[in-house]
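The values are calculated or read from the model by the stated rules, or taken from the named source; none is laboratory data. The structure displayed is predicted, hence computed values, not measured ones. FYI the Cβ positions are ideal-geometry reconstructions off the backbone, even for glycines, and counts take in every protein chain you see. Remember, those area values only see protein heavy atoms, side chains included, never the ligands or the DNA or RNA. Shrake-Rupley method; radii C 1.70, N 1.55, O 1.52, S 1.80 Å.
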Amino acid sequence: YPPPPPPPPSYTGTKLVHDPDHPWQPQKPGDLRGPCPGLNTLASHGYLPRDGVATPEQLIIAAQEGLNMNNRLARFATYSTFLLDGNIVTNLVSIGGKSNRTGVDPPFPAIVGGMSNHGTFEGDTSMTRADAYFGDNSNFDQERFNQFRNFSYHYGDGYYNLTVAAELRYHLIQQSIATNPEFSMMGFRHLTAYGEATFPATMFVDGRTTGSEEGQLDMDTAESFFKHSRFPVMFHRSNKPRGIEPALDLLAVHPMLPGRNVAGVNSFVADLSMGSTIEYCNMYTQLVNETIRGLYPNPTGVLKRNLKINLRYFYQSLEYDYCIEVFPYGMH
Ligand code: HEM
Ligand code: MG
């Protein structure tokens, strides 16, 4: 039976997280790393299993403990990813590519592709990973990081902050529209693209910083996380739990609707059919009824039971009581 989501920790202030119990270790052959610099780092420090295969409960606890992500966002990110990329029967998900260590796959059309799988959770216009169309959507991409750095110098005096994030997010979308004929940023990806752009400014900055230094990420620290999956020396996590709310501020600076290129480069058409960051409940409904249902059209037995339980955990993570819960596999 899939265990319930872990609660928030009792202490949620800053603390040393690069501590003697969590030394950085290089990857061993076969260890999985993927498109999320947060989870990669947590795995390389042993907050997650170092091989990169974890349960939803482990992901939530690690995100809270190691990087002070708030409980709601940790649950939202975890259950959405788990439903899209994980093995619902064995309760395991790879933070990188597909792996036989998550166990026997449920029947086609289930993918269980791990977090590097393109088009389920992972999507285009990431900051430090290329679009899948260009070949590698999972490993660190030096050229994209150079843009991250250039924008931080241009708009942030050498630091990445929410002002830089708003400009870079908009720029990367325009760049993908102009260069990736298959560019897509539909409903759920609209939210994650804006959300993830805020995380470096909120969760990669040392929690001891105060005043005007708060929310300012220096480039050495950025490179340490994005490229080396490594906490800086003496790294302290954020001084308060962090959520996804600043995503709305980025969107307000340069409003962009969800959509995709429909006929090659520069053919972007807005498409609200899968919801958006703003149309949050519609996004939830479409993700469940279209995307997840598409992967699991006819589940039976333990698979069906676990899908229903995890869908419930996902719905509960919305914490928006005006979103109406949907039950693609029945209520009971
Ligand atoms: C990106 C999953 C927690 C920071 C991603 C992506 C996935 C993912 C699948 C790839 C999306 C894409 O860019 O195409 C998760 C899950 C988490 C989690 C399941 C569980 C709680 C965290 C935490 C941080 C973080 C705690 C802390 C800062 C980021 C950033 C990106 C990202 C900055 C964007 C990377 C880029 O654009 O190059 N995450 N994540 N994540 N995640 Fe996480
Ligand atoms: Mg991506």
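Ala165 - would you say it is in contact (Cβ under 8 Å) with a residue 40 or more places away in the chain, surrounded by fewer than 16 Cβ atoms within 10 Å (Cβ to Cβ) and part of a helix (DSSP H, G or I)? When the stated conditions are applied, Ala165 does not pass them. Total residues in region 127-162 satisfying the condition of being within 16 Å of ligand 2 (Cβ to nearest atom), among the hydroxyl-bearing types (Ser, Thr, Tyr) and open to solvent by 20 Å² or more (accessible area, probe 1.4 Å): the figure is 1. Residues in region 110-126 that are of a type in the set (Asp, Glu) and either open to solvent by 40 Å² or more (accessible area, probe 1.4 Å) or not in a loop (DSSP other than H, G, I, E, B) (or both): Glu122 alone. Hey, any hits in region 96-108 for a residue that's within 30 Å of Leu162 (Cα to Cα), within 8 Å of ligand 1 (Cβ to nearest atom) and under 13 Å from the mean Cα position of the chain (by Cα)? The answer is no; no qualifying residue exists.
Within region 78-85, identify whether any single residue is among the aliphatic types (A, V, I, L, M), over 21 Å from Glu223 (Cβ atoms) and either touching a Phe, Trp or Tyr at 6+ places or on another chain (Cβ under 7 Å) or part of a helix (DSSP H, G or I) (or both), and answer yes or no. Quick ask: steps written out before the conclusion?
First, the residues of region 78-85 that are among the aliphatic types (A, V, I, L, M): 83-84.
Next, from what is left, pick out any that are over 21 Å from Glu223 (Cβ atoms): 83-84.
Then drop every residue that is not either touching a Phe, Trp or Tyr at 6+ places or on another chain (Cβ under 7 Å) or part of a helix (DSSP H, G or I) (or both), which leaves 83-84.
Yes: one or more hits.
In region 7-43, the residue that is nearest to ligand 2 (Cβ to nearest atom) out of those that are of a type in the set (Ser, Thr, Tyr) and touching a residue at least 12 places away in the same chain (Cβ under 8 Å) is Thr41.
Only one of Pro49, Pro20 is open to solvent by 10 Å² or more (accessible area, probe 1.4 Å), of a type outside the set (Gly, Ala, Ser) and closer than 25 Å to Asp206 by Cβ; which? Working first, answer last.
Values: Pro49 fails: closer than 25 Å to Asp206 by Cβ.
Exactly one of Pro49, Pro20 is open to solvent by 10 Å² or more (accessible area, probe 1.4 Å), of a type outside the set (Gly, Ala, Ser) and closer than 25 Å to Asp206 by Cβ, namely Pro20.
Yes or no: region 268-275 includes at least one residue that is out of contact with any strand residue (DSSP E or B) (no Cβ under 9 Å at 6 or more places or on another chain) and open to solvent by 80 Å² or more (accessible area, probe 1.4 Å). Checking region 268-275: not a single residue is out of contact with any strand residue (DSSP E or B) (no Cβ under 9 Å at 6 or more places or on another chain) and open to solvent by 80 Å² or more (accessible area, probe 1.4 Å).
Entry remark, region 26-42: residues being away from ligand 1 (no atom under 11 Å from the Cβ) and open to solvent by less than 70 Å² (accessible area, probe 1.4 Å) number 4 in total.
Filtered by the rule that a residue be closer than 22 Å to Ser317 by Cα and free of Cβ contacts under 8 Å to residues at least 12 places away in the same chain, region 231-261 gives a lone residue, Glu245.
Which residues, taken from region 95-109, are more than 25 Å from Arg50 (Cβ to Cβ) and either within 11 Å of ligand 2 (Cβ to nearest atom) or surrounded by fewer than 17 Cβ atoms within 10 Å (Cβ to Cβ) (or both)? Break it down stepwise before answering.
Keep residues of region 95-109 that are more than 25 Å from Arg50 (Cβ to Cβ), which gives 106-109.
Once the filter is applied, which keeps residues that are more than 25 Å from Arg50 (Cβ to Cβ) and either within 11 Å of ligand 2 (Cβ to nearest atom) or surrounded by fewer than 17 Cβ atoms within 10 Å (Cβ to Cβ) (or both), region 95-109 yields Pro107, Phe108, Pro109.
Put simply, of Asn137, Asn70, Asn91 the only residue that is more than 9 Å from ligand 1 (Cβ to nearest atom) and either touching a strand residue (DSSP E or B) at 6+ places or on another chain (Cβ under 9 Å) or under 30 Å from Ser152 (Cα atoms) (or both) is Asn70.
So that you can scan it fast, the table gives a plain yes or no per residue for (1) over 19 Å from Thr41 (Cα atoms); (2) in contact with a helix residue (DSSP H, G or I) (Cβ under 7 Å, 6 or more places away or on another chain); (3) in contact (Cβ under 8 Å) with a residue 60 or more places away in the chain:
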| residue | (1), (2), (3) |
| --- | --- |
| Ile61 | no, no, no |
| Tyr79 | yes, yes, yes |
| Asp85 | yes, no, no |
| Val89 | yes, yes, yes |
| Thr102 | yes, no, no |
| Ala110 | yes, yes, yes |
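If we keep just the residues of region 65-77 that are of a type outside the set (A, V, I, L, M, F, W, C) and open to solvent by 10 Å² or more (accessible area, probe 1.4 Å), which is nearest to Ala201 (Cα to Cα)? Filtering first and then ranking leaves Asn70.
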